[in-house]
Amino acid sequence: MQVLQSGNVFSPLLQRKTRAERHMAKALGAKTIPISVATINFRCDGNIGFIIRAMACFGAMDLHIIGAAPSYRDMVSLSGGLNRLINIRQHSNPSSFLEYTLAKNIPLISLELDERAIPLSELRVERGKEIMLVLGHETTGVPEEILHVSDMIVCIPMPGVGFCLNTSQAGNIVLYELAKQLL
């Protein structure tokens with residue numbers, strides 16, 4: 001029997017509730033952080049679902065999808081229904097996304113393997129300020145037009161034999177670090 005966690009208390013009674021009921025009950029006392037996430041034309045819809053789940057778990061509330069987005073029905077399935085608790089905004093291309101962020105003066109932190117990137121361990125963010133975490137396409141990464149105006153470029157050092165993580169896994173790690181600093 002799988003036991004689910006409620007706050008810091010494990011409760012088999014939670015199994016009697018639907019996933020949506022559990023999410024809504026937890027939403028009443030959930031904390032949020034002023035972090036938005038932008039994804040760039042992900043080719044694997046599952047990665048959007050994984051990002052939505054991590055956002056909901058860590059308290060980030062706004063997802064900006066640049067380019068193609070899965071259907072609402074697919075997002076429900078891929079995110080375990082958590083897409084209903086995240087504000088989702090779609091931008092047709094990187095230029096329209098940048099117009100939005102520049103108009104709102106939202107600092108951009110791009111996650112990218114780049115010579116300009118600082119290691120995640122050096123990332124420091126200011127409490128109370130909204131931040132946009134930008135996650136690039138699985139193959140081509142963050143477009144240069146976004147990197148060029150990013151306030152910070154961050155990478156996750158890879159000391160092992162592997163070169164890089166899946167984009168949603170890397171995004172989840174950075175979301176955790178941001179939540180740790182901001183909560």
Number of positions in the stretch 146-168 that are under 12 Å from residue 108 (Cα atoms) and either modelled with pLDDT under 95 or out of contact with any strand residue (DSSP E or B) (no Cβ under 8 Å at 6 or more places or on another chain) (or both) = 1
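So is residue 74 of a type in the set (Asp, Glu) and under 22 Å from residue 183 (Cβ atoms) or not? Working first, answer last.
Details: of a type in the set (Asp, Glu): yes; under 22 Å from residue 183 (Cβ atoms): no.
When the stated conditions are applied, residue 74 does not pass them.
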Hey, does the stretch 96-116 have a residue that's at pLDDT below 95, under 15 Å from residue 62 (Cβ atoms) and either of a type in the set (Asp, Glu) or surrounded by 14 or more Cβ atoms within 10 Å (Cβ to Cβ) (or both)?
-> no
Wholly within the stretch 106-165, strands (runs of 3 or more DSSP E) carrying at least 1 residues that are over 16 Å from residue 64 (Cβ atoms) = 152-155
Inside the stretch 52-88, can you point out the residues that are in a loop (DSSP other than H, G, I, E, B) and either in contact with a Gly (Cβ under 9 Å, 6 or more places away or on another chain) or more than 16 Å from residue 30 (Cβ to Cβ) (or both)?
-> 67, 68, 69, 70, 71, 80
State all residues of the stretch 166-183 that are polar (S, T, N, Q) and either part of a helix (DSSP H, G or I) or surrounded by fewer than 13 Cβ atoms within 10 Å (Cβ to Cβ) (or both); if no residue qualifies, say none.
-> 167, 168, 169, 172, 181
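The values are calculated or read from the model by the stated rules, or taken from the named source; none is laboratory data. This is a predicted model, so every value here is computed, not measured. Neighbour counts run over all protein chains shown; Cβ positions are idealised from the backbone, glycine included.
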